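The values are calculated or read from the model by the stated rules, or taken from the named source; none is laboratory data. Computed from a predicted model, the values in this text were never measured in an experiment. Ideal geometry is used to build each Cβ from the backbone, glycine not excepted, and the neighbour counts take in all protein chains shown. Only protein heavy atoms, including side chains, enter the accessible area calculation; ligands, DNA and RNA are left aside. Shrake-Rupley method; radii C 1.70, N 1.55, O 1.52, S 1.80 Å.
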Amino acid sequence: MARVTDRIATIMMTLCVVLMIAILFSLLGYIFYNGLADISWHFLTTHSSSYLAGGGIVDQLWNSFYLLILTLVISTPLGVSGGIYLAEYASQGKVTAIIRTCVEVLSSLPSIVVGLFGLLIFVDLFHWGFSILAGALALTVFNLPVIVRVSEDAIRAVPQSQKEAGLALGLTKWQTIRTILLPSAFPGILTGVILSAGRIFGESAALLFTAGLSSPKLMFTDWNPSSPLSPLNPMRSAETLSVHIWAVKQQGIMPDINQIANGASAVLVIIVLIFNFGARFVGSVIHKRMSGKNSRA
């Protein structure tokens, strides 16, 4: 009887895995089949048009990367610091339990709720309007719990003997964290940050209420951050790639709506896949270098 139960459980789990893989490849196949043919150099380097055919996604692509970088610049130091505190400084008690609960609740908030929070605080209360900075701060709220968790787990995974060796050599606690724990935990932290970058890049709901639904035609010859058309201006509205796909399908009047949406969707998925596979590759390379596994020669 036990063997029969074991076989049934094995078959059920295998079917679940096969089903998940089939769904994933079906989605990717559908997106690539419909979108790859619409991707071209002209499509990637041309401004979008509100009503003419042949528009591109250069502004939306730039906005997506700029927003991603700004979000990571804000959220990574905060998240890593939070992870260090929870792993090394926080004592087991009610305060730490409350902090962990807050992190859990924050990570479970729907992105549209985070977007409404950003709308009330950054857009309305601070009078920033729809801007890249408001979008980056909203995504920081969205992304912070992930980096805190990843950093805490990566630091806790460092062998205790390494930490004790540093303390035994007379290092202070902060010196031990800075010179031993953080370098050892760096591959795990970096992998988590890159994975979260893929999530940020594909986010749209929170940005509808904070970064806006439109973007000026950027002048890539003007790099003054205070210029309204400068790509570096953090206080201008910015339609990202994921928001552009939604807007084109819902409100677009261009003759080639489907081609633009399909091409932009394929570009978005390709970049997210690059983030995911890149995170694993970079994490693996750094781990091998730091552990000396590739230094046999």
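Couple of notes before you dig in:
- Accessible surface of the chain, 1.4 Å probe, proportion on carbon and sulfur as whole %: 69 percent
- Bridgeable lysines around LYS217 (alpha carbons under 23 Å apart, same-chain partners fewer than 8 residues away excluded): LYS249.
- Mean separation of Cα contacts under 8 Å (6+ apart) over length of the chain, as relative contact order %: 26 percent
- DSSP-loop chymotrypsin sites (Phe, Trp or Tyr not before Pro) across segment 171-244, with at most 14 other Cβ within 10 angstrom: PHE220, TRP223
- The chain - convex hull of the alpha-carbon atoms, volume per residue in Å³: 234 Å³
- Tail beyond 21 Å, pair distance distribution of segment 116-272 (Cα, percent): 61 percent
- Bridging of LYS173 to lysines at a Cα separation below 19 Å is possible for LYS163, once same-chain residues fewer than 8 apart are set aside.
- Solvent exposure of segment 180-297 amounts to 49 Å² per residue of accessible area, where only protein heavy atoms count and the probe is 1.4 Å.
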